[in-house]
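Here, each number is a calculation from the coordinates, and none is a lab measurement. Remember, predicted model here, so these are calculated numbers, not experimental data. Here Cβ is always computed from backbone atoms with ideal geometry, including for glycine, and neighbour counts include all displayed protein chains.
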Amino acid sequence: MQASLKSSEGCFQLKARTTTIGRHEGSDIVLQSAGVADHHAALQFAAWDNSFILQDFNSLHGTFVNGCQVQNAAVKVRSGDILRFGKGGPSFQLVVGDQVRWDGVLSPREVSCVPHPPLQKRPMSACVRSVATAIPLDAFSRTSAVRTAAEQRQEFGGIVQLENETFAMDVVFLVCIGFFEQYRVNGEVPSVSAAGEQQMVPVICPQGEKLLQVEKEIGHLSGLETESKQKDATIRNLQDEIAAMAKTLAQAAARNEVELTQKLLTFDRELAAKTEAIKALKEQISSLQKGSSQVFSHSLYERDLEIGRLQKESEKLKRDHALTAGLVSSLQREIVGKEQKIEQLQQDVEKMKKANREKDNQLAIVSAKCSRIKEEMKRELGEQEVIACRNRIKELECDLERLQGEVQKYCAEQESIRNQLAEKAKVSIQL
């Protein structure tokens, strides 16, 4: 069925099944007005009565239907309803099928149609139970042309809270659609007695528990995935820090090595020069032994002082070299510790990935079990209908036998009455 949302700003064509509305670019209808959330709401086509279901995704300001606020709830909308997404957004009119040519002005619905009231919020754990108990099949019997807001509240009382990737909402919609498509015959939904509804609730509740378990598993997997991403980011940061430290260490080591090499070369040159000076001094001493003893002693004292000073400078250079070597060793030990920590984090990441794979397998098993439970539920419902029909046939057969006995009894009484009348007639003739 063709449908569209029309406003003074333009016209938006709706999808065949589900149309998402929000600020996010991935939405089917993108609205940039104030008060519209990234994933604000969705319009889903209900094939069993040719209407649309508006689902609000727990937005901040909610969605307004004919002036009534709908937040974190599902409500039925029809052609001519005025929709407004957010608190200050533009108004849209829902146009379904071959409507009169639109002139660009929103017109309110007829007086006979009552605005849909907002639905009561419910927690996520009651979503499936609300589908089983808050949507009676009798509410879908088409005994009148116009439905009141109270009937619409009974038809779609289930509330679906948006979780990671809107999984729970899709499951509940599929359950609702599959449930009503199963009982649709020639466009009509047969009514079910109160006893049938009471028998249906225990069948759907275990499925709700399974769905809640699946939602918990999905939440747990989302937490594990977030933790894994955080650890990956930590590993990348540590790798960047180690690369920077290694670069700094290499630069420092190269710089220190160049400086030490230059100092050692300078020391070697000075030592060679001093050695040559000592040799020259020795030659002078040997040549001056013939000279004055006082001049010789004074020159020897000055040379001894110079030698002591040079020895002190050599020891200082050796100490500086030892300190530099210790610093290099400490930095190398820190690098080894960082590498061990990185290996441990990588092992933790592998463990988390393995756990995620196991959870994925468990999720697949749970999904298969849910599918099998749905098939068993359908088969059991069919068997219950067959048993009920058989019991009804037996009751009708018993009623038929009872009626046949009464007919035979009435025939016998009528025959006896006829005989009595015949005898009375004979007696009257004889008299």
Seminar exercise, completed: For LYS359, counting only lysines whose alpha-carbon sits under 28 Å away and dropping same-chain residues fewer than eight positions off, the answer is LYS210, LYS216, LYS229, LYS231, LYS341, LYS351, LYS369, LYS374
For this session: Show which lysines lie in cross-link reach of LYS282 when reach means a straight Cα distance below 21 angstrom and same-chain residues fewer than eight apart are skipped.
Result: LYS274, LYS290
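Pop the C-beta distance of GLU406 and THR18 into the FRET formula with R0 = 41 Å and round what comes out to the nearest 0.05.
Efficiency computed from Cβ-Cβ geometry: 0.10.
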Seminar exercise, completed: Exposure-ranked with fewest Cβ neighbours within 10 Å first, SER33, SER287 stand as SER287, SER33
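Got a sec? How would VAL70, VAL295 order by Cβ neighbour count within 10 Å, fewest to most? Mind dumping the intermediate values first?
Details: VAL70 22, VAL295 10.
Going from sparsest to densest Cβ surroundings: VAL295, VAL70.
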Exercise. Expressed as cubic angstrom per residue, what is the convex hull volume of the alpha carbon set of the stretch 294-392?
Worked result: 56 Å³
Exercise. Between the stretch 213-277 and the stretch 383-420, how many Å separate their Cα centres?
Worked result: 100 Å
For this session: Kindly flag which residue pairs out of LYS6/LYS87; LYS247/LYS318; LYS279/LYS316 have an alpha-carbon separation exceeding 22 Å in this structure.
Result: LYS247/LYS318; LYS279/LYS316
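Based on other C-beta atoms within 10 Å, arrange ILE365, ILE429 from fewest to most.
ILE429, ILE365
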Seminar exercise, completed: Given Cβ charges of +1 for Lys and Arg and -1 for Asp and Glu, the option among GLY337, HIS298, LEU327 whose Cα lies farthest towards the positive end of the dipole of the stretch 293-339 is GLY337
